[in-house]
Amino acid sequence: MQEMAYELIVGNNADVDRLTQEALTEGFTANQVLDDGLLNGMAIVGVKFRDNLIFVPEVLVAARAMKAGMTHIEPILSASGAEPAGTVVMGTVKGDLHDIGKNLCIMMLRGAGFVVHDIGVDSSPEDFIDAAEEHEAEVVGMSALLTTTMPNMGRTIATFEDMGMRDEVRIMVGGAPVTQDFADEMGADAYGDNAVDAVDKAKDLVKLLAELKSS
């Protein structure tokens, strides 16, 4: 597991692929491989990225390695009927074509057990609403990298309110120019500073929504 985590951190996708298969053959469970190998490595990548010790290219290489391992893990988890951590819809808002940050969050969320539906870039409020309804999402995540497109986060949240769906989902926002103050101003439920933070916030939002529905 330590070797797998190390090879993921340095981005050796072929070795991660091989080690994942070997671990499963030797009797490790899919959850053990995921938690003790892949996620351990990705957590370190996330911390290094947060602390500016590595940058986007290194994270993307690690993400590719993570994906190599997940191709063997995901079918096993799906077949076992493992309860997902939650369902999330992710997209970049209208007018914005940037997707690296969004894709990093998606990869981390999937690694943490979430079912994530990626609606891509340049996504309108209606795109978010349609996806949230179709997939019965608990969390909607919006990304923006341009200050000119940030207001579209607020417009999307307002559209959820207009459609009477605001109580059914929790909305988190993120992206380089986005701040906690902006998220509060737009009426978002959470702000993720980075991909690791996005996973923590998504977990909190799913738990909060479950508590509200049961009360």
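The values are calculated or read from the model by the stated rules, or taken from the named source; none is laboratory data. Quick caveat: nothing in here was measured; it's all calculated off a predicted structure. Methodologically, a virtual Cβ is constructed for each residue, glycine included, from the backbone with ideal geometry; neighbour enumeration extends over all protein chains shown.
For the stretch 86-112, a tally of residues being closer than 19 Å to residue 69 by Cα and touching a residue at least 60 places away in the same chain (Cβ under 8 Å) returns 7.
Considering only residues that are surrounded by 18 or more Cβ atoms within 10 Å (Cβ to Cβ) and of a type outside the set (A, V, I, L, M, F, W, C), which ones fall in the stretch 47-71? Result: 69, single match.
In the stretch 169-188, the residues that are of a type in the set (Val, Ile, Thr) reach residues that are part of a helix (DSSP H, G or I) with C-beta atoms within less than 6 angstrom, at least six apart or across chains, in these pairs: 169/132; 171/157; 173/153; 173/183.
Out of all the residues in the stretch 6-24, is one or more under 30 Å from residue 152 (Cβ atoms) and either in a loop (DSSP other than H, G, I, E, B) or among the small types (Gly, Ala, Ser) (or both)? Checked the stretch 6-24: no residue is under 30 Å from residue 152 (Cβ atoms) and either in a loop (DSSP other than H, G, I, E, B) or among the small types (Gly, Ala, Ser) (or both). Hey, could you check the stretch 46-65 for residues that are aliphatic (A, V, I, L, M) and modelled with pLDDT of 90 or more and say which is nearest to residue 32 (Cα to Cα)? Across the stretch 46-65, the extreme among qualifying residues is 65. Among the conditions (1) buried (at least 20 other Cβ atoms within 10 Å of the Cβ); (2) under 17 Å from the mean Cα position of the chain (by Cα); (3) outside the structural domain of residue 8 (by TED's automatic domain parsing), the only one that residue 100 does not satisfy is (1). Screening the candidates 47, 59 for the property of being β-branched (Val, Ile, Thr), part of a helix (DSSP H, G or I) and touching a Lys or Arg at 6+ places or on another chain (Cβ under 9 Å) yields one hit, 59. The listed residues are 166, 155, 170, and the only one of them that is of a type in the set (Lys, Arg) and either outside the structural domain of residue 97 (by TED's automatic domain parsing) or crowded, with 19+ Cβ neighbours inside 10 Å (or both) turns out to be 170. Number of residues in the stretch 26-45 that are among the small types (Gly, Ala, Ser), on the phi < 0 side of the Ramachandran plot and either more than 18 Å from the chain's Cα centre (by Cα) or modelled with pLDDT of 95 or more (or both): the value is 2.
Within the stretch 193-208, can one find any residue that is under 22 Å from residue 56 (Cα atoms), outside any helix (DSSP H, G or I) and at pLDDT below 95? Yes, there is a match, as at least one residue in the stretch 193-208 is under 22 Å from residue 56 (Cα atoms), outside any helix (DSSP H, G or I) and at pLDDT below 95. Looking across the stretch 21-71 at every residue that is free of Cβ contacts under 8 Å to residues at least 40 places away in the same chain and touching a helix residue (DSSP H, G or I) at 6+ places or on another chain (Cβ under 7 Å), the one that is nearest to residue 7 (Cα to Cα) is identified as 41. Taking the conditions exactly as written (in a helix (DSSP H, G or I), surrounded by fewer than 21 Cβ atoms within 10 Å (Cβ to Cβ) and in contact with a helix residue (DSSP H, G or I) (Cβ under 8 Å, 6 or more places away or on another chain)), does residue 211 satisfy them or not? Taking the combined requirement at face value, the residue does not satisfy it. Residue 184 - would you say it is surrounded by 15 or more Cβ atoms within 10 Å (Cβ to Cβ), of a type in the set (D, E, K, R) and in contact with a strand residue (DSSP E or B) (Cβ under 9 Å, 6 or more places away or on another chain)? Answer is no for this residue.
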